[in-house]
Each structure stands twice: as structure tokens, then as C-alpha cells.
Amino acid sequence: GPKTLVVTSAVRSEGKTVTALNLAMALSELERQRVVLIDADLRRPSCERYLNLNAKAGLTDVLSGDMQLDKLLRPAGYRDLMLLGAGSRVENPAEVLSSSRMDQLFRRLKEDFQYVVIDSPPALTSTDAGVLSSSADGTLMVVRLERSLKKQSRDAVRTLNDMGGNVMGTFVTEVRGKDPDSDKRLAYDSSIEEE
């Protein structure tokens, strides 16, 4: 099955980083599943901020050859979840992410971890997500309910596929659940007969 999973969206503010964090945390809760989360949104990194960690050297420093991966992986504060932050700012994120070192990094991480979750920039605002998607086993699109535009979401999926990505599915964010008492179809009660 897929081990390297890129999480992206069409545009900003659809919840991709929170989704990537939640997915990585959920996977790390599985028995004997070591997970690493990579903040590959080099333009607007935020995983460390969400995890209340100080920004340190990370992905860009590994890809440039300045530092070793083992020294930059750090606990994210959840069971069996490690973090590789974005690292030092770079002028050309797409070029850095498309280097052969990224493929080597993915191969190495797949040997040490059961899952590698990659938070990437939105697919329509830069080529970064497409570059990452083409190197990963699969890509998950985040769509914000009643806010995301269908055309943008379709264009993002098409762009990722055109760049060699494998879009495996969609996360829908901001789904508001109904109260089970307000709709009998939502209740789980043995006294209600199936129709």
C-alpha cells in the first residue's frame, strides 16, 4: 500500500495542514506504526507552529546536504510521530523539492517509517504540490465544504495527475454534524427498525 502521502488542496485556507497533522496523528496511534510528518510547504510552513514547537533546521537543510536527516527528525509530541520541519528559507522551493535528493529522502524514510505524511503547498498556487505528488505514492486532496470551488478542485486534481501524481481521494473539511436527536436516521438505536 501507499506509504508516502502528500496532503494538499487547490488553494489556501481549505484545512490541508490541520488535515495532514490529524492524519499523521491518527496513523501514529495504530499499533506499531512509526510515522513521520514532513512540512514541505516551504512558502508558508506551519506544522511546527501548530505543534507548539520552535522552528529549527529541517527539510531544506537535508536536501541541500548541509545537515543529516537523523539530527533533524524530532518527536512531535504524539505516540510514534516524528516531525521534519520545513527548515531554512530558500529562494526556489519548487527547484529544491524537485531535486533527486527528495526521491532519496522518500526512499530512506519509507525504510524507517510505516507512513510518511507530507504537508505541501496548495496545488494551484505553485508547482510544489505537483512535484511532491509525482515523487510520492499517493496524494490526498482537501476540500472545504461549501467554500471550495468545484472548478478549482477539478483543476487541482487535473494538474496533479498531469504532473504524474496519484490522487487517491479527498478529505472534506468543515462538515457540520447534525444532532442525532434531530434526525432519526442519525441515531444508532436497536429499537429503530430498518426501512
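The values are calculated or read from the model by the stated rules, or taken from the named source; none is laboratory data. Only a predicted model underlies this, so the values are computations on that prediction, with no experimental measurement involved. Cβ coordinates were reconstructed from backbone atoms using ideal geometry, including for glycine residues, and neighbour counts include every protein chain displayed. Surface areas here come from the heavy atoms of the whole protein model, side chains and all, with no ligands, DNA or RNA. Shrake-Rupley method; radii C 1.70, N 1.55, O 1.52, S 1.80 Å.
Checking Asp181 against (1) at pLDDT 75 or above; (2) part of a helix (DSSP H, G or I), only one condition comes out false. Which one?
Single failed check for Asp181: (1).
Just the residues that are surrounded by 17 or more Cβ atoms within 10 Å (Cβ to Cβ) and more than 12 Å from the chain's Cα centre (by Cα), please, taken from region 4-26.
Correct list: Ala10, Val11, Glu14.
Keeping to region 71-108, report how many residues are without any contact (Cβ under 8 Å) to a residue 12 or more places away in the chain and farther than 28 Å from Ala26 by Cα.
4
Pairs under 7 Å by beta carbon, first residue at pLDDT 90 or above in region 29-55, partner open to solvent by less than 20 Å² (accessible area, probe 1.4 Å) and among the aromatic types (Phe, Trp, Tyr), six or more apart or different chains?
Partner pairs satisfying both residue conditions: Arg34/Phe113; Val35/Phe113; Val36/Phe113.
Would you mind telling me which numbered condition in (1) in contact with a strand residue (DSSP E or B) (Cβ under 9 Å, 6 or more places away or on another chain); (2) farther than 30 Å from Glu31 by Cβ; (3) open to solvent by less than 50 Å² (accessible area, probe 1.4 Å) Ala57 fails?
So Ala57 meets the others, but not (1).
Looking at Leu51, is it out of contact with any Asp or Glu (no Cβ under 9 Å at 6 or more places or on another chain), crowded, with 17+ Cβ neighbours inside 10 Å and of a type outside the set (S, T, N, Q)?
In short, yes.
Looking at this structure, is Ser148 among the polar types (S, T, N, Q) and either farther than 18 Å from Glu14 by Cα or touching a helix residue (DSSP H, G or I) at 6+ places or on another chain (Cβ under 7 Å) (or both)?
No; evaluated as a whole, the condition is false for this residue.
Scan region 71-91 for residues that are open to solvent by 90 Å² or more (accessible area, probe 1.4 Å) and either of a type in the set (Val, Ile, Thr) or within 14 Å of Thr60 (Cα to Cα) (or both) and jot them down.
Matches in region 71-91: Lys71, Arg89, Glu91.
Given the criteria within 16 Å of Pro45 (Cβ to Cβ) and open to solvent by less than 20 Å² (accessible area, probe 1.4 Å), does Ala94 qualify?
When the stated conditions are applied, Ala94 does not pass them.
Please determine whether any residue of region 26-34 is in contact with a helix residue (DSSP H, G or I) (Cβ under 9 Å, 6 or more places away or on another chain) and of a type in the set (A, V, I, L, M, F, W, C).
no
Kindly list the number of the only condition in (1) open to solvent by less than 70 Å² (accessible area, probe 1.4 Å); (2) out of contact with any Lys or Arg (no Cβ under 7 Å at 6 or more places or on another chain); (3) within 16 Å of Gly138 (Cα to Cα); (4) among the basic types (Lys, Arg) that fails for Arg107.
That leaves (1) as the condition not met.
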